[in-house]
Structure formats: structure tokens, C-alpha cells
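Here is the structure we will look at.
Since every read-out is calculated from the coordinates, none of them should be taken as a lab result. Nothing here was measured: the structure is a model prediction, and the numbers come from that model. We place every Cβ from the backbone using ideal geometry, glycine too, and count neighbours over all the protein chains shown.
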Amino acid sequence: MSNARENPSDSGRRQHGPEDHLILSELNPKAVVDALDEGVPLNLITFGNVREVCPKCKQHLKLVLRQARVRIAHLLCSGCDSCFDAHYANGAPALTI
């Protein structure tokens, strides 16, 4: 019988430190998405909620990657339709692959 203990950092769930905190910058939706027509719904594929929340309405943001009418990957607030870029405190972009 082994007395080995599981290390919390090995449990598969990443521990987030202060260096992982993302800095959000609001983007103009017209610079992010092609041809926004007033009153015409835009179907975007989102890739789930992220831990960051919208600074305006405090809802969790959704990750939107580049696709047919999306120029750049961004974080979207479905509550107030705001778009955000994200980078780390050291200036490195957080949404590039």
C-alpha cells in the first residue's frame, strides 16, 4: 500500500496565479465583425464561458475565435454585446494561438 499523496497541481485543474490575470481592452464591434447590419442577427460560434467577467455588466465572457464574419478572436459579453481583447500583465496577447 502506497502512502503517496496527490499533488494539488497534478490534479488536472490548473491553479491560477497573479501572472495569469488577464487585462481586458474594449474593442469596437465594427473592427471585430464584418458588416454589422442594424437589426439583423449575427450568428457567432462561441467556445464557452471564460473565467473573466464583463467590466460593464459582470456576466462571464465567451470566447469567439476567427470565423466567416469575425476578423479577430475576442471575448464577447452576451449581456451587453461588448467585445474585448485580452492580454497578460507582461503584454503578451492571451487570445493568439
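Quick look at the numbers
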quantity	calculated
Ranked by how many other beta carbons lie within 10 Å on average, peptides 48-60, 64-76 from highest	64-76, 48-60
Ranked list, fewest to most other Cβ atoms within 10 Å of each Cβ, for E38, E26	E38, E26
Rounded to whole Hz, the Karplus (6.51, -1.76, 1.60) HN-Hα couplings of the stretch 76-85, x for glycine and proline	10, 9, 6, x, 10, 6, 8, 10, 9, 8
Radius, Kirkwood style, for the stretch 17-88 when every pair of distinct Cα atoms is counted (Å)	12.7
